[in-house]
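What follows is calculated from the coordinates using simple rules that are stated; it is not laboratory data. Predicted, not measured: the structure shown is a model, and the values here were computed from it. For neighbour counting, all protein chains shown are included, and Cβ atoms are generated from backbone atoms with ideal geometry for every residue, glycine included.
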C-alpha cells in the first residue's frame, strides 16, 4: 500500500452487499445511485462493469464515494484494476483466477471474494486458498443473470456449518424473500436490481438493511 493511501477495509460479517448494474446509465447517474444506496445502509459495494472504457470513467469516483462513506469497495473480475485503484478487494468468478493469486497480489488484508454457485466444496477450497468470503446463488429468478443455474437454501446451511468466513447469497433477492436466506445461513445479501432497479435506491437499501435487525 502506497504512503497516504488507506489500507483495505474489512468485509462485513453481516449486511447488504450492493452490486452496481451494468445497464448503460451515465457515470453521473450511476454515482448518484451509488451514493443513495450508501446512504441507505449498504455495508459493501461491488463495481461490476464489462466495458473497459466505462470502468476507467466510473470506477475511481465510485471508489472515492465508498471511501468517504467508510464502506468497502470491491472490483468485480479485474485484479489489475483492483490493484491500480487501491480498491479494498476483488471478486472472482469461475474464470478469474485463484484466490491465492489475488491474495498474493493485493496483500494479506485485502478482500478476496469467490463465486461458488451451489458448491460447498468449491467454497471450502476457496476459504483454504485465502478467500475473505464466498458467494452462492442464484436463489431466485434473476433479471441480471436469468440463465444462471439455481442454488439451494440448504447449501447456505451446509456452508455456514463448515466455513468460518462470511457466506453471501445472491440472485433475485428482495426484502420479502431475503429473510428466508438469512435464516437458512446467509450472513450477507448481495443485490443488484433490488436496489439499483428501484425508483428510490436509498429507500430500497434501507428496506434490505432492516432485515439484519429483525431476522
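For this structure, a couple of remarks:
- Taking the listed residues 143, 138, the one that is within 21 Å of residue 163 (Cα to Cα) and in a loop (DSSP other than H, G, I, E, B) is 138, with no other qualifying.
- Taken over the range 55-78, the criterion of being touching a helix residue (DSSP H, G or I) at 6+ places or on another chain (Cβ under 7 Å), more than 16 Å from residue 21 (Cα to Cα) and surrounded by fewer than 20 Cβ atoms within 10 Å (Cβ to Cβ) is satisfied by 65, 69.
- Which listed residue is within 23 Å of residue 173 (Cβ to Cβ) and surrounded by 17 or more Cβ atoms within 10 Å (Cβ to Cβ), from 8, 21: 21
- Per-region count, the range 176-197, residues in a loop (DSSP other than H, G, I, E, B) and surrounded by 19 or more Cβ atoms within 10 Å (Cβ to Cβ): 4
- Qualifying residue in the range 48-55 (condition: touching a strand residue (DSSP E or B) at 6+ places or on another chain (Cβ under 8 Å), outside any strand (DSSP E or B) and over 24 Å from residue 204 (Cα atoms)): yes
- Selection of the range 87-114 for residues being farther than 20 Å from residue 67 by Cβ and either touching a helix residue (DSSP H, G or I) at 6+ places or on another chain (Cβ under 7 Å) or crowded, with 24+ Cβ neighbours inside 10 Å (or both) yields 92, 97, 99, 102, 105, 114.
- The set of residues in the range 115-132 being in contact with a helix residue (DSSP H, G or I) (Cβ under 7 Å, 6 or more places away or on another chain) and either in a loop (DSSP other than H, G, I, E, B) or surrounded by fewer than 24 Cβ atoms within 10 Å (Cβ to Cβ) (or both) consists of 118, 120, 124, 129, 130, 131.
- Scanning the range 198-214 for residues that are assigned to a loop (DSSP other than H, G, I, E, B) and under 22 Å from residue 135 (Cβ atoms) turns up 198, 212.
- Within the range 44-54, restricting attention to residues that are surrounded by 20 or more Cβ atoms within 10 Å (Cβ to Cβ) and in contact with a helix residue (DSSP H, G or I) (Cβ under 9 Å, 6 or more places away or on another chain), the residue that is farthest from residue 112 (Cα to Cα) is 49.
- Set 28, 42, 82, 18: member being over 17 Å from residue 106 (Cα atoms) and in a helix (DSSP H, G or I): 28
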